Amino acid sequence: MRLSITAIFSAALLLGAASSNPAGAAAGKDVFEAKGCGGCHYTEGPAREKTIDDQLAKKGPELWYAGSKFQKDWLGKWLADPKPIRPMKFNNLMQENTGGHPKLAGGDVAAVTDFLMGLTSTEVAAGKVKPKKNPKGRQIFTKKMPCSGCHQYLGRKKKLSGGRSGPSLVEAGLRLNPDWILAYLQKPKVFKPVKMMPVFAGLLSDKDMLNVARYVANFKPKKKK
Amino acid sequence: MKQPSMNERGLKEVLAIVVFTVLVALFSAAPAFASDPEKVFKFYCAQCHGLTGKGDGPNVTKDFPVSPRNFTNAKEMDKLSDADLKNVILDGGPSVSKSPMMPPWSKTLTAEQVDGLVKHLRGICKCKGKQG
């Protein structure tokens with residue numbers, strides 16, 4: 001009995017792990033196109049931006065590596081009920097981001113989630129980053145190369161801290177794939193060749209970038225005991 | 001009174017078009033060159049230093065641990081040489097015993113962009129900085 005439960009559980013896990021659902025992804029692509037999402041988000045890599053003007057011409061983030069960047073559960077929930085991730089509007093330092101991203105409903109949510117989760121980058125190595133408490137990562141994040149200058153996060157006693165020009169990292173551990181965080185730090189030109197964030201590759205060691213990735217990937221609500 | 005001939009009128013029209021085209025080209029090209037360092041400043045620096053360089057970018061909340069430099073303060077900016085400005089842009093605040101909240105941009109900006117930024121900052125402060 002125990003064996004069969006284990007087998008069923010393993011099969012379910014395997015099915016869950018296979019994020020691509022070709023039929024759903026194809027339907028999701030149709031929805032994505034029909035709703036005009038491509039007007040703000042491009043979905044075919046590699047990155048196209050070469051100049052500041054290229055970056056400023058974009059109306060929303062590129063999604064060609066969405067399946068490597070996001071966590072599937074989070075993405076589905078966000079598409080159904082999008083809340084602002086950035087305190088300021090995209091490519092804008094003057095206007096607050098008050099939300100208003102279009103919502104998806106019904107079967108469109110799962111279909112578009114499948115489509116986006118199928119958009120992956122081979123530059124993200126799987127299984128490198130385990131989220132965990134990381135004092136060294138925290139020290140870099142808040143002091144040595146203060147990511148906190150531009151990104152919000154929950155500091156001591158859950159106080160909302162940090163700057164507002166970058167995407168918020170509050171609960172980033174639910175939103176982002178830990179391995180993508182590391183790949184993004186190590187290979188900035190692959191994902192965002194022109195961006196407001198400084199390039200840290202070459203300034204931080206690979207080990208320090210791993211520490212930061214572990215620390216940020218651990219930004220999630222504590223499990224209730 | 002003698003009326004201009006068709007040839008004279010045609011020549012004047014052609015001249016007017018040429019002058020207009022040259023003026024349009026001059027006025028549209030000049031800001032593109034002049035604004036490039038400004039564009040770099042607004043893209044990278046303004047998030048902390050503000051779009052006009054007063055140190056009031058959107059990252060500067062009441063919890064921000066330091067006050068980003070106000071580039072319009074000529075008295076303070078005059079204490080720094082162009083080489084000081086270049087160093088702090090490239091290697092961050094700690095390179096001049098200032099806060100690490102100013103990150104190093106050496107892996108982000110080109111040498112040309114850094115030189116352009118230094119000139120742009122001098123334009124904002126309307127000061128020449130420490131000489132020698």
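Remarks
- Top-ranked residue of region B:83-92 - restricted to ones that are of a type in the set (A, V, I, L, M) and either open to solvent by 10 Å² or more (accessible area, probe 1.4 Å) or in contact with a Pro (Cβ under 8 Å, 6 or more places away or on another chain) (or both), ranked as farthest from the other protein chains (Cβ to nearest Cβ): B:Ala83
- Criterion: at pLDDT 95 or above, over 26 Å from A:Thr51 (Cβ atoms) and in the same structural domain as B:Asn59 (by TED's automatic domain parsing) - qualifying residue of B:Pro100, B:Pro104: B:Pro100
- Which numbered condition A:Lys223 misses (of (1) more than 27 Å from A:Gly60 (Cβ to Cβ); (2) within 14 Å of chain B (Cβ to nearest Cβ)): (2)
- When the residues of region A:175-195 are filtered to those that are in contact with a Phe, Trp or Tyr (Cβ under 6 Å, 6 or more places away or on another chain) and farther than 18 Å from A:Gly137 by Cα, the one that is farthest from the other protein chains (Cβ to nearest Cβ) is A:Arg175.
- Scope region B:36-66; condition open to solvent by less than 20 Å² (accessible area, probe 1.4 Å), without any contact (Cβ under 8 Å) to a residue 24 or more places away in the chain and within 7 Å of chain A (Cβ to nearest Cβ); matching residues: B:Phe43, B:Ala46, B:Gln47, B:Gly57, B:Asn59
- Odd one out for B:Lys119, checked against (1) under 15 Å from the mean Cα position of the chain (by Cα); (2) touching a residue at least 40 places away in the same chain (Cβ under 8 Å); (3) surrounded by 16 or more Cβ atoms within 10 Å (Cβ to Cβ): (3)
- Tally, over region A:71-106, of residues that are loosely packed, with under 15 Cβ neighbours inside 10 Å, touching a residue at least 60 places away in the same chain (Cβ under 8 Å) and farther than 25 Å from A:Pro131 by Cβ: 1
- If you go through region B:93-112 and keep only what is open to solvent by less than 50 Å² (accessible area, probe 1.4 Å) and not in a loop (DSSP other than H, G, I, E, B), you end up with just B:Gly93.
- Residue list for region A:155-174, restricted to those being away from chain B (no Cβ under 14 Å) and either open to solvent by less than 20 Å² (accessible area, probe 1.4 Å) or acidic (Asp, Glu) (or both): A:Glu171, A:Ala172, A:Gly173
- One residue from A:Leu116, A:Leu93, A:Leu63 being under 19 Å from A:Ala34 (Cα atoms) and assigned to a loop (DSSP other than H, G, I, E, B): A:Leu63
- Here the helices (runs of 4 or more DSSP H) wholly within region A:123-189 that include at least 1 residues being of a type in the set (S, T, N, Q) are A:135-139, A:178-186.
The values are calculated or read from the model by the stated rules, or taken from the named source; none is laboratory data. Bear in mind the structure is a predicted one, so any value in this text is a computation, not a measurement. Neighbour counts run over all protein chains shown; Cβ positions are idealised from the backbone, glycine included. Each accessible area value is taken on the protein alone, full model and side chains, heavy atoms only, with ligands, DNA and RNA left out. Shrake-Rupley method; radii C 1.70, N 1.55, O 1.52, S 1.80 Å.
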